[in-house]
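Reviewing the structure listed below.
The values are calculated or read from the model by the stated rules, or taken from the named source; none is laboratory data. Just so it is clear, the model here is predicted, and its values are computed rather than measured. Side chains included, ligands, DNA and RNA excluded: accessible areas come from the protein's heavy atoms. Shrake-Rupley method; radii C 1.70, N 1.55, O 1.52, S 1.80 Å.
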Amino acid sequence: MTFHETGQLMQHSAGTYGIQHKKFDNGGGGCTDEHLTSQGRTTALLVRYKNSLLSSVKKMRSFTFILPLLSELLSICGGDVGDFSPCLNYFYRACPPRGISGIPICQRYENRYHFATLYSHERRTPWFSAYVYSPPKDKRPKSVWKYEPQLANSHSDGNMVPFPPPPEKVDQNVVESQAVQQDYINSTYTRGHLSPSLHHRDSESRNATFTLTNIVPQRAGSNNGPWARLEAKVSKSLAAHCLGDAHVVTGVIPYMSERWLKDENRVAVPEYLWSAYCCWNYTQDLPKSLANMYPAFAAIGRNDPDSSEEIVPVDRCRKKAELGYDVRTMALSALEMYLTQRYGVPVGVFHKQCTRSEPSGRSWEPV
């Protein structure tokens, strides 16, 4: 089964909402050096000359000939939804994962980008979020949940917006275009971050992770147990040993047949969560226990205690609350193999798998 977004205009009983977003699919061949050079040059030039073009146009008596060019320029420079170009820095070598299709979101909060998300309109959940790890400086912020206004209205400001406090109602276009607070209230799932607050430095960036476009339904046994320990383990390791940028991508593996939050056919529940990072510049005095974690690291976590053990084995000695929510660490190539099998298309997480050779070691270990 192939999980691809159509990217088409969506409708509901109250009328048409949203915009016809560009379908993002980074192809089967990954980013070439030529593509990266051209892409980087184009983006830099567009950003550099956007304001100067606007200024020049105002001074012209007749500028009909330049309007099509200017329109194209502004659409490329201004896209927070439907275009990754403003936030390619969150991907290793500016190359988003290939093979997974969806709606790109450059997650903007307080007029600043903080991470990137590939979103599914149909599932009302993200496929993955990507960010550059930084050690947390402030304590976890208060959970002020937000939504992405541009998914509901293409003319909205690109900054994420807090949900209105009850009894105020959320606009119906927002309800139709994405998950809302009511979807998670009185469900049996927690709100699982793909870009976790723990992996961002300042309070503004940490606040930005509390948007439902960065959230998937996650069982408490996973979110508060092995998966939380994985996030803490990664944070501790990267803070101590990664000397340059650590590019992280965290995503989901869907069920072969979709399952939905509260059986309402609105918000899709993932069967597994996965995460991987790439850190090329790291300390050379790694302890033996971390030898398999550089330069690339990957893991898959169970989100259903009743799933088969073909991907992630179960440790029967775990305490009851965590039984069946194990996390398996693995080589990046193994993660990509599992993603390819489930998505039905070749999936690549990092450009050239981050490294020329995969680390050896145990095929899996509990977290």
What number, in percent, do you get for the relative contact order of the stretch 219-319 if the mean sequence gap of Cα pairs under 8 Å and at least 6 apart is divided by its residue count? 27
Of LYS139/LYS319; LYS139/LYS320; LYS142/LYS262; LYS139/LYS352, those spanning more than 32 Å from alpha-carbon to alpha-carbon: LYS139/LYS352
Rolling a 1.4 angstrom probe over the protein chains, ignoring ligands and nucleic acids, what is the accessible area of VAL170 in square angstrom, nearest 10? 40
Directionally averaged shadow of the stretch 91-168, computed from the convex hull of its alpha-carbon atoms, nm²: 7.2
How many angstrom lie between the C-alpha centres of the stretch 287-305 and the stretch 306-342? 11
For the stretch 217-270, take the alpha-carbon Rg, divide it by the Kirkwood Rh, and send me Rg/Rh. 1.13
When the convex hull of the C-alpha atoms of the stretch 148-194 is computed, what volume per residue in Å³ does it have? 98
